[in-house]
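Since the structure comes first, as structure tokens, the remarks are kept for the end.
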Amino acid sequence: MVMKTYPSLSLFAALALLFSILFIACEKEDEDYGKPTLPPQTAFLIDFSDFQTTTDKSQCNEQTSMNYVYSAVHVLSWNTIVSVGLAVPVASYSYALEQTPTMVELNKWLWEYSVSVGQDTYDADLYGTVTKDSVFWEMYITKSAGAEQFSNYKWYYGAMNRNVTKGYWILFDNPESNQQTLQIDWDRNTGEQTWNIRYMNIVENGDENGGFIQHGITDDPTFDAFFTIFNKGLNQTTSIE
């Protein structure tokens, strides 16, 4: 006589649990998290306007004025690095804030536009991929006319939380050397209208690797803005309020 065997109840329970997990996983994967919001320009570009030559220093004593000039030299050197050396990434992000994205696939959005820097025109494709807790950014730049042409160069990438209160960017120097050069860390408190942003040198094996400049707005009633500059080569920190 042949005996028939049947799966045990525990096996049925295990299979049911497995299918439930797979169903939930697929359901979550298909969830639409909506259009992401780009972080503000203060999450990408430091405001160096406090060190314009028109700043009034009439109330400063001689030592304070000397400190100001010394600090301004360091601040403006960082300004030059960003405005000249990273002019294309900075311009591409500024233009992105004025564009309307389209969804290219579920939870992946594209800002597509052109931007002019000097005499050159660049095509920019900024992708934002949304997950449950984060948004991941990738900027691809194409230069299809003139000298030094290139296509779909990933000039920077980054990530932030869905609340748009904290994130980072990693920037490369140019398509030719394709070297990581700058890390931007930012955070902000929208309720208190405070924020800070830090540029850090991440050039591999560079003398200034680890050097940084940080700028922020605080709720201090007396000194509501600050700069902190760390010169890695001199191992020297300058604090400005």
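The values are calculated or read from the model by the stated rules, or taken from the named source; none is laboratory data. All of these numbers come straight from a predicted model, not from anything done at the bench. With ideal geometry, Cβ positions are generated from the backbone for all residues, glycine too; neighbour counts draw on all protein chains shown. Each accessible area value is taken on the protein alone, full model and side chains, heavy atoms only, with ligands, DNA and RNA left out. Shrake-Rupley method; radii C 1.70, N 1.55, O 1.52, S 1.80 Å.
Below, the figures for the structure above:
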item: Unique match (being touching a residue at least 12 places away in the same chain (Cβ under 8 Å), within 19 Å of VAL84 (Cα to Cα) and touching an Asp or Glu at 6+ places or on another chain (Cβ under 7 Å)) among ARG162, ARG198; result: ARG198
item: Wholly within the stretch 152-241, strands (runs of 3 or more DSSP E) carrying at least 1 residues that are out of contact with any Lys or Arg (no Cβ under 6 Å at 6 or more places or on another chain), under 27 Å from LEU126 (Cα atoms) and not β-branched (Val, Ile, Thr); result: 166-172, 180-189, 194-201, 212-217
item: Residues of the stretch 39-54 satisfying the condition of being out of contact with any helix residue (DSSP H, G or I) (no Cβ under 7 Å at 6 or more places or on another chain), surrounded by 12 or more Cβ atoms within 10 Å (Cβ to Cβ) and at pLDDT below 80; result: ASP50
item: Subset of the stretch 153-189 (residues that are over 30 Å from ASP224 (Cβ atoms) and among the β-branched types (Val, Ile, Thr)); result: THR181
item: Hits in the stretch 190-213 (condition: loosely packed, with under 13 Cβ neighbours inside 10 Å and under 16 Å from ALA225 (Cβ atoms)); result: GLU192, GLN193
item: Matching option when the condition is modelled with pLDDT of 90 or more and surrounded by fewer than 13 Cβ atoms within 10 Å (Cβ to Cβ), among GLU27, GLU98; result: GLU98
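Per-residue answers, yes or no, for (1) under 25 Å from ILE217 (Cα atoms); (2) free of Cβ contacts under 8 Å to residues at least 40 places away in the same chain; (3) β-branched (Val, Ile, Thr):
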{"site": "ASP123", "(1), (2), (3)": "no, yes, no"}
{"site": "GLU138", "(1), (2), (3)": "no, yes, no"}
{"site": "ILE170", "(1), (2), (3)": "yes, yes, yes"}
{"site": "ASP185", "(1), (2), (3)": "yes, yes, no"}
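Every residue, every condition in (1) within 22 Å of ARG188 (Cβ to Cβ); (2) open to solvent by 80 Å² or more (accessible area, probe 1.4 Å); (3) acidic (Asp, Glu); (4) under 13 Å from the mean Cα position of the chain (by Cα), yes or no:
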site	(1), (2), (3), (4)
THR131	yes, no, no, no
TRP137	yes, no, no, yes
ILE141	no, no, no, no
ALA145	no, no, no, no
GLU148	no, yes, yes, no
TYR153	no, no, no, no
MET160	yes, no, no, yes
VAL164	yes, no, no, yes
ILE170	yes, no, no, yes
